[in-house]
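Quick note: the coordinates plus some simple rules give every number you see, no bench work behind them. Only a predicted model underlies this, so the values are computations on that prediction, with no experimental measurement involved. Positions of Cβ are generated from backbone atoms using ideal geometry, with glycine treated the same way; all protein chains shown enter the neighbour counts.
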Amino acid sequence: MEPVIDRKHRGGEERSHSTLDAYDRLAPVWSQATDEGPFNGFLERPALRALVPRPLAGATILDAGCGSGAQCEWLLGEGAEVVGIDLSPAMVEQTERRCSGNGRFLVADLGAEPLPIAPESLDGVTCSLALHYLEDWQIPLRSFATALVPGGWIVISLDHPFGPPFPGQQGGYFDTVLVSDVWSKEGVEVTQRFWRRPLSAVFDAFAVAGFVVERVSEPQPSVEALARFPADLSPVVGVPWFIVYRLRLMS
Ligand SMILES: C[S@@+](CC[C@H](N)C(=O)[O-])C[C@H]1O[C@@H](n2cnc3c(N)ncnc32)[C@H](O)[C@@H]1O
């Protein structure tokens, strides 16, 4: 089998500086803020993991936009060979530390072409809350399609397109618009900018890149999570917040 990481094709020229800066600053606190946090730890990550096909033992999986390595650590625990990439060097450092010598991790921009991954070297891809930083999804989705074996899968989580509008959001539901939000995590304040698009644009992008949607999940807080974080999670009950898709590469 070809090596998974093709170092000849390291990309990354077109990275988004504001996203990169924000995540470099958040990296030291990201695990602490999210692993046991209401939205990532107790709502989005369980839903994403529930859609990942098993068993994973011996499978080679890319975690795209790996952050500080929560999914990578989980995938390794499931027996997968793991490759993690992220735009932020500080996040990749956190992932390396967290996974203590297991897995292969590198700095790469999902918006740059081509991704430094050898063709047909992956069984699956997880991409947790990262794709909405890019306006154009054809570059990353085509890269995933090339890197996957025939019949390979992707599990992608995103903000739900029917979710509450962000502060100052312009345009209507059918517009693809750049939105921004101010986050404060463990004393680190950043302004994040990401793209909101209608459901039809999401499904079109998947289809154009050669994927069919196999499963969709719209997670709601569990009873335990609600009891633990009533103030954070009560407003989410009955409200679309995150959406998770499992896609399959058409052969
Ligand atoms: C909301 S965080 C999620 C991190 C991780 N998946 C998790 O669940 O904790 C989004 C991540 O996507 C990364 N990211 C954003 N734009 C990216 C790009 N163009 N290429 C690669 N990674 C990107 C960020 O650096 C950040 O680590």
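Numerical summary
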read-out: Centre separation in Å (Cα based) which lies between the stretch 167-234 and the stretch 85-139; value: 19
read-out: Cβ-based charge dipole, the chain, positive-most Cα from Pro89, Pro53, Leu178; value: Pro53
read-out: Assigned charges on the beta-carbon of Lys, Arg, Asp, Glu; the stretch 129-251 dipole about Cα centre (debye); value: 300
read-out: Longest segment of the chain lacking GluC sites (Glu not before Pro) that sit in a DSSP loop with at most 16 other Cβ atoms within 10 Å; value: 187-251
read-out: The stretch 78-175: relative contact order in percent, alpha carbon pairs under 8 Å with at least 6 residues between; value: 24
read-out: Residues whose placed amide H lies under 5 Å from that of Phe105, excluding near-sequence neighbours; value: Gly84
read-out: For the stretch 197-202, Karplus couplings with θ = phi - 60° (6.51, -1.76, 1.60), whole Hz, Gly/Pro x; value: 9, x, 4, 5, 5, 5
read-out: For the stretch 15-249, share of DSSP beta bridges that run antiparallel, in % to the nearest 5; value: 55
